[in-house]
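Working notes, beginning with the structure itself.
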Amino acid sequence: MSHVFPRHCHATLPTAVGGEGCYLIDQDGKRYFDGSGGAAVSCLGHSNPRVTEAIKAQADRLAFAHTGFFTSEPAEALADLLVANAPGDLDRVYFVSGGSEAVEAAIKLARQYHVERGEPERRHLIARRQSYHGNTLGALSAGGNALRRAQFAPILVEMSHIAPCYEYAERAADETPEAYGQRVANELEAEILRLGPNSVMAFIAEPVVGATLGAVPAVPGYFKRVREICDQYGVLLILDEVMCGMGRTGTLFAHEAEGISPDIVCIAKGLGAGYQPIGAMLCTDAIYRTLADGSGLFQHGHTYLGHPMATAAGLAVVQELLERDLVSQVKARGEYLAKALAARFGDHPHVGDLRGRGLFRGVEIVADRDTKRPFDPAFGVAGKIKKAAFAEGLICYPMPGTRDGKHGDHILLAPPFIATEAELDQLVAMLGRAVEAIP
Ligand code: PLP
């Protein structure tokens, strides 16, 4: 009997024993194409020699030095590299161990920033429905995933949730995409006014929504309007790029496509590419200065902040992305994958929508394509597709729709940036066979 407490108590899982390029290998030698990078993690694929060598070299030199006493060379170098390549005035990097921690740090930084500016009444965070920001209590409070929140609701912090920007499901037939984007962005203003403009500290959103909607970018103009509203009311804009950042959507930071500058950005997954647990929160110098010139202390910290081996891995990952120009490759391969998906599923009766940006793609599964009617949530269609795909040797990321039956299930694809066109063809073929297996 295994003594590991697994995610799914009744699943019998194969043992992963190796990774090679885009493939994971189990104890029987079966190979699985990593079509979702786990959950958009493995952007460089598996066994990248530069990253593994960097980790080994760092382990030999220095494994750990507490950030209460020391900084470290890899943390300094990675922060420099991120800032040099970040758009706008994101100037400071706070290293953590993953996405949830990055979001927790962002929420607390937003609060402390306002307190130190002399506006302690700013305490509300506004987020969006059908979003996911992590599983720790603060991040879960911000998230709008009803399923994941349900049983913890009584112990979550109260936060506001406005509509996501989800054109396929929610744009009215007589509305242009631009008008729809303005309408849902204006919900932010309405909520700020409802709460009291001087009581709101920040708004948080994913530039391209990952796990809860399946690679959904906002319509053009949405984020520009959001930025305007935040500026008007002194509300900080936090962008959660934990899933969509680090090149995944064809720009190093996902929000580059929106032409706006956030105040705080959270990254994780692709930053460590699965080689080490690492995340980061980037903020503007103005925010940092408020604390530096104020109390001088961010009231937040974890033992493993800026861990030398994690930052050494992150440094090697970002160097790989930049030096091999993998972000441009994401754009090209992303277009290739989009075309291949459209060719295979464009008129499939159970595929309602194909969307995404770069190598971050979503396939929305519906019972009726014309009416967009989802499958009954109890049927668990995404889980069935995941199972069939896994049997084929394809890893893809399924998400159930909302329990109220209004929004359907989807499959998220986030293959490694190094995937060849032939491998992407193979991915689409395997997914096609899995979708055909829907009973
Ligand atoms: N934010 C987003 C957008 C995510 O997709 C995730 C994880 O899927 C998180 C935060 C939480 O990250 P982690 O699982 O590393 O804590």
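Would it be correct to say that Ser141 is over 20 Å from Glu228 (Cβ atoms), within 14 Å of the ligand (Cβ to nearest atom) and outside any helix (DSSP H, G or I)? It is false that Ser141 is over 20 Å from Glu228 (Cβ atoms), within 14 Å of the ligand (Cβ to nearest atom) and outside any helix (DSSP H, G or I).
Is it the case, given these coordinates, that Ala338 is touching a His at 6+ places or on another chain (Cβ under 8 Å), of a type in the set (A, V, I, L, M) and not assigned by TED's automatic domain parsing to the domain that holds Ala65? Answer is no for this residue. The set of residues from the stretch 229-263 being aliphatic (A, V, I, L, M) and either farther than 19 Å from Ala185 by Cβ or surrounded by fewer than 24 Cβ atoms within 10 Å (Cβ to Cβ) (or both) comprises Ile229, Leu237, Val242, Met243, Met246, Leu252, Ala257, Ile260. Applying the criterion of being within 20 Å of Gln426 (Cβ to Cβ) and modelled with pLDDT under 95 to the residues of the stretch 1-41, the residue that is surrounded by the most Cβ atoms within 10 Å (Cβ to Cβ) is Gly37.
Condition check ((1) in contact (Cβ under 8 Å) with a residue 12 or more places away in the chain; (2) touching a Pro at 6+ places or on another chain (Cβ under 6 Å); (3) under 17 Å from His133 (Cα atoms)) across all residues:
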site	(1), (2), (3)
Tyr233	yes, yes, no
Leu239	yes, yes, yes
Thr249	yes, no, no
His255	yes, yes, yes
Pro262	yes, no, yes
Gly274	yes, no, no
Gly279	yes, no, yes
Arg289	no, no, no
Leu297	no, no, no
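Of the residues making up the stretch 266-280, those that are more than 9 Å from the ligand (Cβ to nearest atom), on the phi < 0 side of the Ramachandran plot and assigned to a loop (DSSP other than H, G, I, E, B) number 4.
Within the stretch 82-114, being more than 16 Å from the ligand (Cβ to nearest atom), in a loop (DSSP other than H, G, I, E, B) and touching a Phe, Trp or Tyr at 6+ places or on another chain (Cβ under 7 Å) holds for Ala86, Pro87.
Screening Phe223, Phe152 for residues that are crowded, with 24+ Cβ neighbours inside 10 Å, assigned by TED's automatic domain parsing to the domain that holds Lys269 and in a helix (DSSP H, G or I) leaves exactly one candidate, Phe223.
Note on the stretch 191-215: residues that are at pLDDT 95 or above, within 10 Å of the ligand (Cβ to nearest atom) and small (Gly, Ala, Ser) amount to 2. For the stretch 188-215, enumerate the residues that are assigned to a helix (DSSP H, G or I), within 16 Å of Arg129 (Cβ to Cβ) and hydrophobic (A, V, I, L, M, F, W, C). Those that are assigned to a helix (DSSP H, G or I), within 16 Å of Arg129 (Cβ to Cβ) and hydrophobic (A, V, I, L, M, F, W, C): Leu188, Ala190. Can you confirm whether the stretch 377-390 contains a residue that is under 29 Å from Arg50 (Cβ atoms), outside the structural domain of His255 (by TED's automatic domain parsing), surrounded by fewer than 23 Cβ atoms within 10 Å (Cβ to Cβ) and in contact (Cβ under 8 Å) with a residue 12 or more places away in the chain? No; the residues of the stretch 377-390 include none that is under 29 Å from Arg50 (Cβ atoms), outside the structural domain of His255 (by TED's automatic domain parsing), surrounded by fewer than 23 Cβ atoms within 10 Å (Cβ to Cβ) and in contact (Cβ under 8 Å) with a residue 12 or more places away in the chain.
Only one of the listed residues (Arg148, Arg128, Arg122, Arg117) is charged (D, E, K, R), at pLDDT 95 or above and within 12 Å of the ligand (Cβ to nearest atom). That residue is Arg128. When the stretch 56-81 is filtered for residues that are part of a helix (DSSP H, G or I) and not small (Gly, Ala, Ser), the ones remaining, listed by number, are Lys56, Gln58, Asp60, Arg61, Glu73, Pro74, Glu76, Leu78, Asp80, Leu81.
The values are calculated or read from the model by the stated rules, or taken from the named source; none is laboratory data. As the structure is a computational prediction, the values presented were derived from the model and not from experiment. Ideal geometry is used to build each Cβ from the backbone, glycine not excepted, and the neighbour counts take in all protein chains shown.
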